[in-house]
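Nothing in this text is a laboratory measurement; each read-out follows from the coordinates by a stated rule. This is a predicted model, so every value here is computed, not measured. As a convention, Cβ positions derive from the backbone with ideal geometry for all residues, glycine included, and neighbour counts pool all protein chains shown.
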Amino acid sequence: MGTVQATLARCREVLARHYGSRLGKAMRYGSAARGSPSPESDLDLLVVLEDPVDVVAEARRLADRLHPVQLESEHYISAKAASAEEYEAGRLQRPARRGARVTGADRRERYTSLR
């Protein structure tokens with residue numbers, strides 16, 4: 001599974017299977033979202049979940065669930081969980097400033113869906 005698109009598709013499958021109806025959105029950000037990943041770029045993912053969300057516990061779950069995908073990929077996968085309520089209200093802190101940038105008034109515009 002060498003391509004970014006194949007890795008993202010596999011992540012989406014794993015997340016949908018694990019979270020089911022709790023999965024609100026799964027989006028990429030950073031260089032992959034901008035369409036300019038380099039061979040050394042990681043894949044930054046934001047996983048928006050229905051409440052309640054314990055971001056520390058979800059970080060562990062995401063790492064566990066995405067580990068098999070990571071082993072098949074040429075890219076490091078960096079996934080962060082967020083509450084749907086926080087996301088919709090625009091109260092998320094800017095994730096991992098590595099390449100993430102705001103492109104408009106709506107802070108959510110820097111994300112692109114995995115679909």
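Between ALA63 and GLN5, with labels modelled 7 Å along Cα→Cβ, what's the label distance in nm to one decimal, could you check?
Distance between the two pseudo-spin positions: 3.2 nm.
Towards the positive end of the charge dipole of region 4-92, with charges on Cβ (+1 Lys, Arg; -1 Asp, Glu), say which of GLN70, TYR19, ALA6 has the farthest Cα.
After comparing all options, I get ALA6.
Determine the dipole magnitude for region 4-92: charges of +1 sit on the beta-carbon of Lys and Arg, -1 on that of Asp and Glu, nothing else is charged, the reference point is the Cα centre, and the result goes in debye to the nearest 20.
Taking the Cα centre of region 4-92 as origin, the dipole is about 160 debye.
Between ASP54 and ARG34, with labels modelled 7 Å along Cα→Cβ, what's the label distance in nm to one decimal, could you check?
Here the modelled spin labels are 3.6 nm apart.
In square nanometres, what is the average projected area of the Cα convex hull of region 4-92?
Its average projected convex-hull area is 5.5 nm².
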